[in-house]
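Here the structure is laid out as structure tokens; the discussion comes afterwards.
The values are calculated or read from the model by the stated rules, or taken from the named source; none is laboratory data. Bear in mind the structure is a predicted one, so any value in this text is a computation, not a measurement. Methodologically, a virtual Cβ is constructed for each residue, glycine included, from the backbone with ideal geometry; neighbour enumeration extends over all protein chains shown.
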Amino acid sequence: MKRFVFRNRWLPYALVAPQVAVTLAFFFWPAFDSLRLSLYRASPFGDRLIWAGFANFERLFRDPAYLRSALTSFVFSFVVTFAGLALALLLASFANAKIRGLAVYRSLLLWPYGIAPAIAGIIWLFIFHPSYGILPWVLSFVTAYQFNWFLKGWVAMTLIVMAAIWKQFGYNLAFYLAGLQAIEASVLEAASVDGAGPIRRFFAVTFPLLSPVTFFLFTLNMTFSFFDTFGLIHSVTQGGPGDATSILVYRAWKDGFEGLQLGFSAAQSVVLMALVILLTAFQFRFAEKRVTY
Amino acid sequence: MARTLAPPTALAIGAPSRVKARDWSGIVAHAILLAAVAVLAFPLYYAFVISTQTLSQVTSLPPRPWPSTALFSNYAEAWQRAHMGRLLLNSAIVALGVAFGKIAISLLSAFAIVYFNFRGKQVVFWMIFVTLMLPVPVRIVSTYQVISVLGWVNTYWGLTVPLMASATGTFLFRQFYQTMPDSLAEAAQLDGAHPMRFLWSILLPLSKANMAALFVILFVYGWNDYLWPLMITNTPEMRTAVIGIESLVPRTSQLPEWNVAMAAAMMVLLPPVGVIVVMQRWFVKGLIETEK
Amino acid sequence: MERRAGIVLVLTVVLLVGVPAPALARTEIQWWHAMTAVLGERVNEIAAKFNASQNEYEVKAIYKGSYPDTLNAAIAAYRAKQPPHIVQVFEVGTQTMLSSGAVYPVFQLMRDNGIAVDWNDLIGPVKSYYSTAGNLYSMAFNSSTPILFYNKDLFKKAGLADTPPATWDEVEAIAKKLTGAGAKCGFSAAWPSWTLVENMYALHDQPFADHANGFDGLATRLQINGAFGVTMMELLQRGAKEGWFTYNGRLNKAEANMGGGECGIFLSSSAYIGNLTRASDGKFTWGTGALPRMSGYPQGNSIIGGATLWVMKGAKPEEYKGVAQFFKYLASTENQAWWAGVTGYLPLTNAAVKAMESSGHFQKNPSQRTAVTQMLGGKTTPNSQGIRLGNFASVRDAIEEQMENIFSGKKAAKQGLDDAVAKSGEILKEFAALYK
């Protein structure tokens, strides 16, 4: 931890001022607005604002669909994160050799990070669509099974999970590769001299050494799948079939933005914000711990 | 994790000692990486394919996975119809504005938080970091009100400044500054250097990789944002490129000119992808080295 | 040093370009719309033509994203006291706009500016959907109604006569024959709630929601779980199970299947004609027909979808004068006939229908007449004048969610409809609580 500090009366305030100003204006104001709205019934154009107490929250938690959606979100985020990371780590371990062209590979792996969600949604629709999509067409040569995700919830979910993993995969792989390559050869050689087999060596030495990278990627993938996938869901499944792919962020967005139920949507935002704060606190506990050792 | 990147090790799994195995591992590595690259590239390839097809080919079933002949006409059409030139320029201004603005703001605030003690530091610290993640679409109406009070509707200020309100950058710089040995700053103070001098000539050169990584993240973020520019701009001259694509996407019952929309999409995705490719080395390095 | 120079440069550019453009001499009228691709160009054409026709006003057509995007942009701008003059709002937003107190009713706008418009010349279903007590509140713009499409090539292949099915019994029988002859999709429909629920209720003169579908007061409960709805949904559920009905997603996603030549019988918006013409070009031929009916129910009418133009409060009188002039231009027979001809949307006035008839447009494009004939031949009743619900977008969502549960066999028809009624009831009651 830092011990040294400069001494200056006004400079630190000047330095944090711009950040504090944008944070107040573009985070706290809107956030308090949401908090306030969540306690009201509010009309979209602002002509009606009726105190509702906790009615919006009551409605939310009484709705089995909301609880189902919470479950869906967590399952979705965990599957995307764990499957995505496990796959990336597995492949990175096998690909971690001294080979030529690593920079080229890294470029080719990282680029999906730059694709706008709006564009990715369009592209996926063209790949997945039951009739004009290329994937069902290819699958039709393999099996007669109808992968109609307009009606089959699990197929729709699988597709969304695939698309989400795709977006993060190259990124995960590139970071794991960099992490693996930063591990000193001597550490692994020492372990192998001790007689540890490759799998033991991996779990006893490599994986712990990779834990900072894993943690970084974990947070990133969790937030991505929890908060940033609504664009994908919006353009591909609209939350359906039924409510099979309706995750929390998508619901909040849909009820507020399309349904114009401002108070109800604000209540959902408040729940989401609470989750964000929890997640942040969690991240700091970990990050701080790691900095101190 | 070690900050000095060690020379790549032979293997993580597998026997590191035998030469034969090492050869094999190289081939396996190439094979895996090539396969991963191919799987990742397929959607982009297919989008490109669609952007080269004629309307009649796009709407036929079954789909055709091969490029066709309409490449130039589709791209020209997309360019003209959406006035892509102007939109791309706007996107560039916005993306660069967000990237540079946010980097400036966050490296200053991180400097204050790490290198100074001041009254209210704890409050400021938590205020900033609670915004680390925030679902954007849910705060759009109130943000619009702030912008209109400031008189920034339909300006580049309105397009860029709200996107700077999150803590990712501050977080990254703070992590990095904390790994700096105290001796650096102590020496600077002994030399009688002003703290800003220390920031400018010592800290900044050391945080090049972080700045580069952050630049990539923010450029991509600023370039790809859709909802906010759509809300805040009222004239065609202020539109950004992603809106241009959406304006070409056949939405309700109309001509299914997906080929033209895809052509626009291909044009718009090139700059952020280009930035990533050019800066890929710094990108990974800048993020991973602070993650200790 | 270089870095600092770079930052300064960028900031300077941002500052310089950030200054808004100077005001124009002509009074500017902002028109926010949601029309993309070719339709977006047609909208620009309308603005250009109006601007060229006079020199006092300049209409600026600005694309504001999808319908929900556009509405939200207008809401944000209105709350920040900088609304556009005109905003295009989809039909499900009608009640929201009416209740909002943020709009300047069109009939009043025209009266205040001394422009006489014969509103009675509007075709019935359009007028009824957007009027209250006989007064038009928003300017009808792009309206369509669902009709039936059929693939003539698939009909021929299955040995069927070249006539569209007129009843649901016929739809079932023909769709079965089509799939029997190898068609991948016997029957399908786009915009599921709109074509298969909302319109079927109106067409058979059945009440969709209480308070005369929300026209006599704020609706608080859907009435779609009665005998008619259950019969309808059971038929489709059976169809999905037996394979002659294929569900192809929400919105207009299913149009891809029809356009790709997979479907024999298809329900979608009449505005789909132009799209299908291009998509089928050189691949297959098709025809159109009226929506299929179920026997034993009274005659109603199909209802419309699409969007209208709302005038927002908060502008200056001279600007409203320009808006009124612009609407006068929109309502002109010349513009109506042109717009309907190039887009496939309905001509909105009887005069435009006549003009298209006499210019030979309908002879050349018989499919464009189908919707007009269907609408003019129907009966406008309290059940078929339209549907007016608060938070309609969420209600439609609740219905489509349950339709999917029914078609996939997850729920019985009655159960699914009951659930849709319960869920939408809560949404409707929330809206009613706002405006009690």
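Scanning region A:92-110 for residues that are in a helix (DSSP H, G or I), crowded, with 19+ Cβ neighbours inside 10 Å and in contact with a helix residue (DSSP H, G or I) (Cβ under 6 Å, 6 or more places away or on another chain) turns up A:Ala92, A:Ala95, A:Tyr105, A:Arg106, A:Ser107, A:Leu108, A:Leu109, A:Leu110.
Summed over region C:218-277, the residues that are of a type in the set (Ser, Thr, Tyr), in a loop (DSSP other than H, G, I, E, B) and surrounded by fewer than 22 Cβ atoms within 10 Å (Cβ to Cβ) give a count of 1.
What about B:Arg86, is it surrounded by 21 or more Cβ atoms within 10 Å (Cβ to Cβ) and basic (Lys, Arg)? No: the conditions fail for B:Arg86. Taken over region C:89-131, residues that are in contact (Cβ under 8 Å) with a residue 60 or more places away in the chain, surrounded by fewer than 18 Cβ atoms within 10 Å (Cβ to Cβ) and among the polar types (S, T, N, Q) amount to 1.
The set of residues from region A:18-72 being acidic (Asp, Glu) and either in contact with a strand residue (DSSP E or B) (Cβ under 7 Å, 6 or more places away or on another chain) or surrounded by fewer than 18 Cβ atoms within 10 Å (Cβ to Cβ) (or both) comprises A:Asp47, A:Glu58, A:Asp63.
Among the helices (runs of 4 or more DSSP H) confined to region B:89-167, the ones with at least 3 residues that are polar (S, T, N, Q) are located at B:140-149. In summary, helices (runs of 4 or more DSSP H) completely within region A:184-293 and bearing 2 or more residues that are away from chain C (no Cβ under 14 Å) and among the charged types (D, E, K, R) occur at A:198-201, A:262-292.
When each of C:Gly182, C:Gly217 is tested for being touching a His at 6+ places or on another chain (Cβ under 7 Å) and either basic (Lys, Arg) or on the phi > 0 side of the Ramachandran plot (or both), the lone residue that passes is C:Gly217.
The set of residues in region C:244-257 that are at the interface with chain B (Cβ under 10 Å from one of its Cβ atoms) and in contact with a helix residue (DSSP H, G or I) (Cβ under 8 Å, 6 or more places away or on another chain) comprises C:Asn252, C:Glu255.
On the given criteria, is A:Val161 more than 7 Å from chain B (Cβ to nearest Cβ) and part of a helix (DSSP H, G or I)? So A:Val161 fits the description; yes. Scanning region B:155-174 for residues that are more than 7 Å from every other protein chain (Cβ to nearest Cβ) and of a type outside the set (Val, Ile, Thr) yields B:Gly158, B:Leu159, B:Leu163, B:Ser166, B:Ala167, B:Gly169, B:Phe171, B:Leu172, B:Phe173, B:Arg174. Within region B:27-41, the set of residues being among the small types (Gly, Ala, Ser), surrounded by fewer than 16 Cβ atoms within 10 Å (Cβ to Cβ) and more than 26 Å from the chain's Cα centre (by Cα) comprises B:Ala31 only. The single condition among (1) modelled with pLDDT under 90; (2) closer than 22 Å to B:Arg139 by Cβ that A:Pro18 does not meet is (1). When region C:376-385 is filtered for residues that are of a type outside the set (Ser, Thr, Tyr) and buried (at least 24 other Cβ atoms within 10 Å of the Cβ), only C:Asn383 remains. For region A:19-54, the candidate set comprises residues that are free of Cβ contacts under 8 Å to residues at least 60 places away in the same chain and over 30 Å from the mean Cα position of the chain (by Cα); within that set, the residue that is nearest to C:Thr94 (Cα to Cα) is A:Phe45.
Looking at the structure I just gave you, is A:Trp149 crowded, with 22+ Cβ neighbours inside 10 Å and away from chain B (no Cβ under 12 Å)? Spelling it out, A:Trp149 is indeed crowded, with 22+ Cβ neighbours inside 10 Å and away from chain B (no Cβ under 12 Å). Cβ separations smaller than 8 Å between residues 6+ apart or across chains give the following pairs from region B:67-90 residues that are β-branched (Val, Ile, Thr) to residues that are at pLDDT 90 or above: B:Thr69/B:Thr52.
In region B:115-122, the condition of being within 7 Å of another protein chain (Cβ to nearest Cβ) and either closer than 25 Å to B:Arg239 by Cα or among the β-branched types (Val, Ile, Thr) (or both) is met by no residue. Being of a type in the set (Phe, Trp, Tyr) and over 30 Å from A:Glu258 (Cα atoms) is true of C:Phe362. Restricting attention to region A:190-240, the residues that are in contact with an Asp or Glu (Cβ under 8 Å, 6 or more places away or on another chain) and among the β-branched types (Val, Ile, Thr) total 1. Yes or no: region A:169-188 includes at least one residue that is surrounded by fewer than 20 Cβ atoms within 10 Å (Cβ to Cβ) and of a type in the set (A, V, I, L, M, F, W, C). Taking every residue of region A:169-188 in turn, at least one turns out to be surrounded by fewer than 20 Cβ atoms within 10 Å (Cβ to Cβ) and of a type in the set (A, V, I, L, M, F, W, C). Scanning region A:4-20 for residues that are over 18 Å from B:Asp182 (Cβ atoms) and either facing chain B (nearest Cβ under 7 Å) or touching a helix residue (DSSP H, G or I) at 6+ places or on another chain (Cβ under 9 Å) (or both) yields a count of 9. Is it true that some residue in region B:130-140 is buried (at least 18 other Cβ atoms within 10 Å of the Cβ), among the basic types (Lys, Arg) and closer than 22 Å to B:Leu218 by Cβ? Among the residues of region B:130-140, at least one is buried (at least 18 other Cβ atoms within 10 Å of the Cβ), among the basic types (Lys, Arg) and closer than 22 Å to B:Leu218 by Cβ, which makes the answer yes. Checking each residue in region C:42-63 for being exposed (fewer than 14 other Cβ atoms within 10 Å of the Cβ) and assigned to a helix (DSSP H, G or I) picks out C:Ala48, C:Ala52, C:Ser53.
Of all residues in region C:338-360, those satisfying the criterion of being more than 18 Å from C:Asp118 (Cα to Cα) and free of Cβ contacts under 8 Å to residues at least 60 places away in the same chain are C:Trp338, C:Ala340, C:Gly341, C:Met356, C:Glu357, C:Ser358, C:Ser359, C:Gly360. If you check A:Val75, A:Val142, which single one turns out to be surrounded by fewer than 21 Cβ atoms within 10 Å (Cβ to Cβ) and in a loop (DSSP other than H, G, I, E, B)? None of the other options fit; the residue is A:Val142. The set of residues in region C:68-88 being within 20 Å of the chain's Cα centre (by Cα) and either crowded, with 22+ Cβ neighbours inside 10 Å or within 7 Å of chain B (Cβ to nearest Cβ) (or both) consists of C:Asp69, C:Thr70, C:Leu71, C:Asn72, C:Ala73, C:Ala74, C:Ile86, C:Val87, C:Gln88. Of all the numbered requirements in (1) within 8 Å of another protein chain (Cβ to nearest Cβ); (2) outside any helix (DSSP H, G or I), B:Tyr46 misses one, and that requirement is (2).
Within region B:194-251, restricting attention to residues that are β-branched (Val, Ile, Thr) and outside any helix (DSSP H, G or I), the residue that is surrounded by the most Cβ atoms within 10 Å (Cβ to Cβ) is B:Thr240.
A residue that is crowded, with 23+ Cβ neighbours inside 10 Å, touching a residue at least 40 places away in the same chain (Cβ under 8 Å) and closer than 15 Å to A:Leu159 by Cα occurs somewhere in region A:111-126.
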